[in-house]
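The values are calculated or read from the model by the stated rules, or taken from the named source; none is laboratory data. Remember, predicted model here, so these are calculated numbers, not experimental data. Glycine also receives a Cβ, built like all others from the backbone with ideal geometry; neighbour counts cover every protein chain displayed. Keep in mind that these areas ignore ligands, DNA and RNA; they rest on the heavy atoms of the full protein, side chains included. Shrake-Rupley method; radii C 1.70, N 1.55, O 1.52, S 1.80 Å.
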Amino acid sequence: MKIALFDAKPYDRTFFDEANKDHGYDILYLEPALNHHTAVLAKGADVVCPFVNCTVDREVIDILKECGVRLIALRSAGFNNTDYRYAASLGIPVVRVPAYSPHAVAEHSFALLLALIRKLTHAYVRTREFNFSLSGLVGIDLYGKTMGIVGTGKIGRAAIDIAKGFGMKVLAYDPYPAPIEGVEYTDLDTLLRTSDVVSLYCPLTNDNRHLINARTIDDMKDTAYLINTSRGALIDSEALLEALKEKKLGGAALDVYEEEAGIFYTDQSNEGIEDDTLARLISLPNVIITSHQGYLTREALMAISQTTLGNIREFEEGKELTNQVK
Ligand code: NAI
């Protein structure tokens, strides 16, 4: 089996090479993300392995089919970038890694939240310059505050446990609620109106693009903090920027951004960025942005590589595909 692994970073190679000791596949590590310009690089591969900022639309799938690709093995949980129905219609199944470490992402969302509310990025820069003044660094307690969890799947539940540990009251919204001890389910409007922190843990679907927009931000408390470690397009970034400029929100921490493809995972420090909305968001003192790194722990990377190669093994052996996107 020959595998073309797109958007490959040095840490992908480390963990895939380790997991591949059990399989011995021929893995071609390709730096570019998969899109209609780069899809031809898959020529001769049986499997392509895209990541979150690859585009796997009809055009790309047609090229992959011509190149002889027989399986699309996403090394991510989210599959919003992949037209899996079209791929299936051409006889190319799509598999993914449904869970690798929900804790990695949930913990990162709290790392962002704590950094934001305790102004850690400002404090860090100050003390590095031997400025030990505390002016402007007043934060808030999480204890006793209300945490609004949007999406109570694997990551949302891990986040609920963390929120409870901080002594927060937890409100949740999910179209498919499942009883969780100590969690009150409510509608999205009530959650947005009453939460001190709103954190998104739901997938991006055709129905929830810009779930957080000018109207829904208007419903939120002016002091509320918004955290997004799910997918960028859940938030209307322009509306978020406007709200922050008008002080209609306490702050925002984003691990994902709706136009992140082509920017995140790259070093743009010499060129700067053309996306003015992102540049302006980054410039605000009450915004923290990380480059889609919620999953980036040793445990998660190990699980991603093992599950991906396990998915490919099932395909090679003609077994039922446990992690097929249907
Ligand atoms: P999951 O499938 O276990 O749970 C998702 C939950 O969201 C389900 O309970 C579902 O009913 C609910 N949901 C669906 N539509 C909703 C809506 N409109 N409003 C509220 N809830 C809704 O997924 P998991 O593993 O918890 O992952 C969630 C998302 O996190 C992924 O889809 C992915 O986009 C993102 N993610 C981000 C990573 C990062 O590095 N920042 C890494 C891994 C996942």
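When region 102-289 is described by a simple charge dipole with +1 on each Lys and Arg Cβ and -1 on each Asp and Glu Cβ, the residue from V256, G232, I180 located farthest towards its positive end is I180.
Across Y176, Y265, the residue with the most accessible area heads the list, and the full order at a 1.4 Å probe is Y176, Y265.
Compactness of region 102-289 is given as radius of gyration and Dmax, 16.4, 51 Å, from Cα positions. Within the listed set E129, E299, E107, the residue fluctuating most in the Gaussian network model of the chain (springs between alpha-carbon atoms under 10 angstrom) is E129. Considering only D275, D17, D62, the mean-square fluctuation computed in a Gaussian network model of the chain, springs between alpha carbons under 10 angstrom, is largest for D275. The modelled label-to-label distance between D219 and S89, using points 7 Å beyond Cα along the C-beta direction, is 3.5 nm. Taking all protein chains into account, the per residue accessible area for region 177-326 stands at 49 Å² (1.4 Å probe). Overall, the accessible surface of region 102-289 at a probe of 1.4 angstrom is composed of carbon and sulfur to the extent of 52 percent. Placing unit charges on each Cβ (+1 for Lys and Arg, -1 for Asp and Glu) gives region 102-289 a dipole about its Cα centre, and among S283, G139, H103 the Cα reaching farthest toward its positive end belongs to G139.
Give me the Kirkwood hydrodynamic radius of region 148-220 in Å, from all C-alpha pairs, to one decimal place?
Hydrodynamic radius (Kirkwood, Cα only) of region 148-220 equals 12.5 Å.
Taking the alpha carbon gyration tensor of region 1-153, multiplying each eigenvalue by 5 and rooting it gives semi-axes of 41, 19, 15 Å, largest first.
Helical runs assigned H by DSSP (4 residues or longer) give the chain a calculated mean residue ellipticity at 222 nm of -10000 deg cm²/dmol, each run adding -39500 (n - 2.57) before division by the residue total. For the pair T277 and E129, a Förster radius of 25 Å applied to the C-beta separation gives a FRET efficiency near 0.25, rounded to the nearest 0.05. If the viscosity is 0.692 mPa s and the temperature 37 °C, what translational diffusion coefficient in µm²/s does Stokes-Einstein give for region 1-71 when Rh comes from Kirkwood over Cα pairs? Taking Rh from Cα pairs, D becomes 271 µm²/s.
Using a simple charge model, +1 on the beta-carbon of Lys and Arg, -1 on the beta-carbon of Asp and Glu, nothing else, what dipole does the chain show about its Cα centre, in debye to the nearest 20?
640
Kirkwood-based Rg over Rh for region 189-326 (C-alpha set), two decimals? Walk me through the numbers on the way to the answer.
Values: Rg = 18.1 Å, Rh = 17.0 Å.
Value, to two decimals: 1.07.
For the chain, a Kirkwood hydrodynamic radius built from all Cα pairs, placed in the Stokes-Einstein relation at 37 °C and 0.692 mPa s, yields a translational diffusion coefficient of 157 µm²/s.
If the chain linking D62 and H36 were pulled fully straight, counting 0.36 nm for each residue of separation and taking away their Cα-Cα distance, it would gain 8.4 nm. If the label point is 7 Å along Cα→Cβ of H210, which residues in region 261-291 have backbone nitrogen under 20 Å from it? Under 20 Å, as judged by backbone N against the label point of H210, lie 261, 275-281 of region 261-291.
Between N206, N270, N35, the GNM of the chain built on Cα springs shorter than 10 angstrom shows N270 fluctuating the most.
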